[in-house]
């Protein structure tokens, strides 16, 4: 099977399972493109997440597009993006119709509360993945904790302190963090 078709099918599956939004599906994307298929490295995936967060648009779509671009060029980007959004569009239309007819149901309300909890868990999982990648270079919990990147930890703590203390503009903080990354990692 050619890579573009495989990209479409993988991102179609990811799109189908993307309850909770972009941060919730980052671990799914990483599992498919880094661990299962070995198309890109963990470092490249972290860079893609970083760029995806800074560009306008939904994180999941941006990440899918950039991963597809890395793997299959323009056609890969189109395939991954279409795969990622197709299920969401179809499910949204079906769910809209369903909720219009069952808007007063207690059972439907309880199911939605359960989905909110599941989404929160997936977002926490994505946050843990990003933190482990940034601080240890590994996304698995079995990472060697002796390899803590102290520079990344200090940048993180400094930025966190500055954000909390002075309520700085997030764009300015991202630019400053990028500059710090250039100084310390090049």
Worksheet item: Could you work out the helix-only [θ] at 222 nm for the chain, with each DSSP H run of four or more residues adding -39,500 (n - 2.57) and the total divided by the number of residues, to the nearest 500 deg cm²/dmol?
Response: -26500 deg cm²/dmol
Worksheet item: In nm, to one decimal, how far is the residue 118 label point from the residue 9 one, both placed 7 Å along Cα→Cβ?
Response: 2.4 nm
Item to complete: Can you tell me how much longer the chain between residue 108 and residue 53 gets when fully stretched, taken as 0.36 nm per residue apart minus their C-alpha distance, in nm with one decimal?
Response: 16.5 nm
Worksheet item: Could you give the angle, 0 to 90 degrees to the nearest 10, between helix 150-166's Cα long axis and the longest principal axis of the Cα atoms of the chain?
Response: 70 degrees
Worksheet item: According to the square roots a ≥ b ≥ c of the eigenvalues of the Cα gyration tensor, what is the shape class of region 3-147, taking rounded for a/c under 1.5, prolate for a/b larger than b/c otherwise, and oblate for the remainder?
Response: oblate
Worksheet entry | Contour minus Cα-Cα distance for residue 98 and residue 162 (0.36 nm per residue) | 18.5 nm
Discussion item. Could you order the peptides 39-52, 76-89, 118-131, 159-172 from most to least packed, using the average number of other C-beta atoms within 10 Å per residue?
Written reply: 76-89, 39-52, 118-131, 159-172
Item to complete: Specify the angular offset, from 0 to 90 degrees and rounded to the nearest 10, of the alpha carbon long axis of helix 106-136 from the longest principal axis of the alpha carbons in the chain.
Response: 20 degrees
Fill in: q = 0.18 Å⁻¹: log10 I(q)/I(0) that the Debye formula gives for region 52-112, counting C-alpha atoms only
-0.69
Worksheet item: What is the distance in Å between the Cα centres of region 23-38 and region 66-126?
Response: 16 Å
Worksheet entry | Segment residue 43-residue 16, extension gain: residue separation times 0.36 nm, minus the distance between their alpha carbons | 7.1 nm
Worksheet item: Can you give the angle from 0 to 90° between the axis of helix 42-54 and the longest principal axis of the chain, with both taken from C-alpha atoms, to the nearest 10?
Response: 70 degrees
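Where a number appears in this text, it was derived from the coordinates with a stated rule and is not lab data. Computed from a predicted structure; not experimentally measured. Ideal geometry is used to build each Cβ from the backbone, glycine not excepted, and the neighbour counts take in all protein chains shown.
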